[in-house]
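The values are calculated or read from the model by the stated rules, or taken from the named source; none is laboratory data. Note that the structure is a prediction, hence the values are computed from the model and not measured. Every residue, glycine among them, receives a Cβ derived from its backbone with ideal geometry; neighbour counts consider all protein chains shown.
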Amino acid sequence: NAGVMQNPRHLVRRRGQEARLRCSPMKGHSHVYWYRQLPEEGLKFMVYLQKENIIDESGMPKERFSAEFPKEGPSILRIQQVVRGDSAAYFCASSPNMGETQYFGPGTRLLVL
Amino acid sequence: AQTVTQSQPEMSVQEAETVTLSCTYDTSESDYYLFWYKQPPSRQMILVIRQEAYKQQNATENRFSVNFQKAAKSFSLKISDSQLGDAAMYFCAYLISNFGNEKLTFGTGTRLTIIP
């Protein structure tokens, strides 16, 4: 059973470009979560999605950030017009149901030049 | 708002010895879940152990065990027979799980060094 998969593992963007981060949950998991980890800090919750629905986006910045989890295909975290402060590791996690353990992917390291 | 506090930014232990990492949390809820995750140099987040708040028995996973004190809101991790592969950042995390609130709240982490 493959774990949570994220790609790309590393992403370099120039200021003003768009970044698209992908996450494929573990087989059988329909709940997806995105977290951001700034250097030398813990993970901070961004958004919680189920298939075709955003359940909780209380941790998402109001502008430039969006997330989706379509009926088919991976979950996407999209950052428009990236700025240097967006440089961080972005982790995706998945769980089979509410209240269940969240299993993390390897993360995508975004560097904005 | 729930908060998780890890008061030890760094800890070190001799190989084969035992070490305890501390974690306290603040919540007004009675039903919740607590976790320890480790993050080795690869930066992957790996589940170490999980505890349900309604269970009085402390969780154990091989060399890893917790001391869960619900009244004191304390959730420490004990690593026995420390091994070089245990070197990592350890994060304590809290999950409430209700009404669509499924967010993990993490502490700031403890960096554990294993001395050969």
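Answer yes if at least one residue in segment A:34-48 is over 23 Å from B:Tyr32 (Cβ atoms) and crowded, with 21+ Cβ neighbours inside 10 Å, and no otherwise. So far as segment A:34-48 goes, no, none of its residues is over 23 Å from B:Tyr32 (Cβ atoms) and crowded, with 21+ Cβ neighbours inside 10 Å. So B:Ser65 fits all but one of (1) among the hydroxyl-bearing types (Ser, Thr, Tyr); (2) in a loop (DSSP other than H, G, I, E, B); (3) farther than 24 Å from B:Lys103 by Cβ; (4) more than 10 Å from chain A (Cβ to nearest Cβ); what number is the exception? Checking B:Ser65 against (1) among the hydroxyl-bearing types (Ser, Thr, Tyr); (2) in a loop (DSSP other than H, G, I, E, B); (3) farther than 24 Å from B:Lys103 by Cβ; (4) more than 10 Å from chain A (Cβ to nearest Cβ), the one that fails is (2).
From the list B:Ser97, B:Ser76, the lone residue that is among the small types (Gly, Ala, Ser) and either farther than 20 Å from A:Lys44 by Cα or out of contact with any strand residue (DSSP E or B) (no Cβ under 9 Å at 6 or more places or on another chain) (or both) is B:Ser76. Looking at segment A:70-86, can you tell me whether even one residue there is more than 13 Å from the chain's Cα centre (by Cα) and either within 8 Å of chain B (Cβ to nearest Cβ) or closer than 23 Å to B:Glu52 by Cα (or both)? Within segment A:70-86, none of the residues are more than 13 Å from the chain's Cα centre (by Cα) and either within 8 Å of chain B (Cβ to nearest Cβ) or closer than 23 Å to B:Glu52 by Cα (or both). Of the numbered criteria (1) in contact with a strand residue (DSSP E or B) (Cβ under 6 Å, 6 or more places away or on another chain); (2) more than 10 Å from chain B (Cβ to nearest Cβ), the one A:Pro96 fails is (1). The set of residues in segment B:91-116 that are surrounded by 15 or more Cβ atoms within 10 Å (Cβ to Cβ), of a type in the set (S, T, N, Q) and part of a strand (DSSP E or B) comprises B:Asn101, B:Thr105, B:Thr110.
Residues of segment B:99-116 include at least one that is closer than 25 Å to A:Leu38 by Cβ, of a type in the set (Ser, Thr, Tyr) and more than 14 Å from chain A (Cβ to nearest Cβ).
Screening A:His29 against (1) in contact (Cβ under 8 Å) with a residue 60 or more places away in the chain; (2) part of a strand (DSSP E or B) leaves a single unmet condition, (2). Counting residues in segment B:73-90 that are within 14 Å of chain A (Cβ to nearest Cβ), in contact with a helix residue (DSSP H, G or I) (Cβ under 9 Å, 6 or more places away or on another chain) and surrounded by 19 or more Cβ atoms within 10 Å (Cβ to Cβ) gives zero.
Just to be sure, is B:Ala53 free of Cβ contacts under 8 Å to residues at least 40 places away in the same chain and within 14 Å of another protein chain (Cβ to nearest Cβ)? Yes.
Within the option set A:Arg78, A:Arg22, being more than 20 Å from A:Met98 (Cβ to Cβ), touching a Pro at 6+ places or on another chain (Cβ under 7 Å), surrounded by 13 or more Cβ atoms within 10 Å (Cβ to Cβ) and not hydrophobic (A, V, I, L, M, F, W, C) holds for one residue only, A:Arg22.
Within segment B:43-62, the set of residues being touching a strand residue (DSSP E or B) at 6+ places or on another chain (Cβ under 6 Å) and assigned to a loop (DSSP other than H, G, I, E, B) comprises B:Met45, B:Asn58, B:Ala59.
Here is the figure for segment A:34-79: residues that are on the phi > 0 side of the Ramachandran plot and modelled with pLDDT under 95 total 3.
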